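Novice: Here you go, one structure.
No lab work stands behind these numbers, since they all come straight from the coordinates. Because the structure is a prediction, the values reported are computed rather than measured. FYI the Cβ positions are ideal-geometry reconstructions off the backbone, even for glycines, and counts take in every protein chain you see.
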Amino acid sequence: MWKLIKRIIKLCSFIIFLAFVVAGINVYMVAADYLDVTTSYDDEIALKPECIIVLGAGVNSDGSPSNALKARLDTGIRLYKTGVAPKLLLSGDNGQVEYDEVSAMKAYALKEGVPEEDIFMDHAGFCTYDSVYRADYIFCVSRAVVVSQKDHLYRAIYGCKKMGIDALGVPADGKESYGAYYGKKYNYREYLARAKDFVKWIIKPEPKYLGEKIPIDGDGRQTEGQEKE
């Protein structure tokens, strides 16, 4: 009986320790990147970004962008049209034939009047880590504005710094958290995701898919149909 109690105490102690570690990482990541999340047009222009990275956020059953993704796209397109950057890099999940975030994102951008040659598609942006890693490795991005919900941007900007990308985060118009669209469980998932990515950026494992380089200063039409590289 006493051995069982000792095991339970050790397990509880480990869980408490782990919770403190996760909380500490979250505080550190948000504090480190707080000033790089901005709505200042002057800051965005001064950065001279090569592109606006719009991160995927799910599509509806009919293939249209979810509300969270639409907010990101509207913000990215607005920044593009106001001259913040000359290219859009749309990064999302196209891991299955029947699920294609990136084509839905491109179709929306085209409908809003963005020229096809200015739209780059990253079909293998399965997660924030992959999207940021591939932005540097595949698309040769060195300066960027990243668009997502505000609570997600801290993790995305942290990753950009680790890949040597000079970046600012611009919150998507609308609700500040991804969880505000889909429930509190996504807020909790973001806390854990920050801790997970913190470790991944220490180790820097390669994403599952890489491929040939497609510099962001070229023609985005060459990324049509690239899918996973």
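Novice: Do any of LYS48/LYS185; LYS175/LYS213; LYS111/LYS162; LYS48/LYS162 go past 29 Å between their Cα atoms, and which?
Specialist: LYS48/LYS185; LYS175/LYS213; LYS111/LYS162
Novice: Rounded to the nearest 5, what is the percent of antiparallel bridges among the DSSP beta bridges in the chain?
Specialist: 15 percent
Novice: Right, another one. Sort PHE139, PHE14 so that the residue with the fewest other Cβ atoms within 10 Å of its own Cβ comes first and the one with the most comes last.
Specialist: Final ranking by Cβ density, sparse to dense: PHE14, PHE139.
Novice: With +1 on each Lys and Arg Cβ and -1 on each Asp and Glu Cβ, how big is the dipole of the chain about its Cα centre, in debye rounded to the nearest 20?
Specialist: Magnitude of the dipole: close to 1600 debye.
Novice: Of the residues ALA19, ALA85, ALA172, which exhibits the maximal mean-square fluctuation in a Gaussian network model of the chain defined by a 10 Å Cα contact cut-off?
Specialist: Judging by the Gaussian network model, the answer is ALA19.
Novice: Arrange THR128, THR38, THR223 by Cβ neighbour counts within 10 Å, fewest through most, would you?
Specialist: Ordered by Cβ neighbours within 10 Å, fewest first: THR38, THR223, THR128.
Novice: What residue among VAL147, VAL22, VAL199 has the largest mean-square fluctuation in a Gaussian network model of the chain, using Cα springs under 10 Å?
Specialist: With Cα springs under 10 Å in the chain, the top fluctuation among VAL147, VAL22, VAL199 is at VAL199.
Novice: Here is a follow-up. What do you get for the angle between helix 128-137 and the principal long axis of the chain? Use alpha-carbon atoms, 0 to 90 degrees, nearest ten.
Specialist: 50 degrees
Novice: Treating the angle as unsigned and between 0 and 90°, give the value, to the nearest 10°, between the Cα long axis of helix 150-162 and the longest Cα principal axis of the chain.
Specialist: 80 degrees
Novice: If you don't mind, another one. Hey, what number do you get for the chain at 222 nm if only DSSP H runs of n ≥ 4 count, each worth -39500 (n - 2.57), divided across all residues, to the nearest 500?
Specialist: -16000 deg cm²/dmol
Novice: Mind sorting GLU116, GLU44, GLU101, GLU212 by how few other Cβ atoms lie within 10 Å of their own Cβ, fewest first?
Specialist: GLU212, GLU116, GLU44, GLU101
Novice: Right, next: Given ALA195, ILE214, ILE157, which one lies farthest toward the positive end of the charge dipole of segment 85-218, if we put +1 on the Cβ of every Lys and Arg and -1 on the Cβ of every Asp and Glu?
Specialist: Farthest towards the positive end: ALA195.
Novice: Quick one: angle between helix 67-81 and the longest Cα principal axis of the chain, in degrees between 0 and 90, rounded to 10, please.
Specialist: Rounded to the nearest ten degrees, it is 40.
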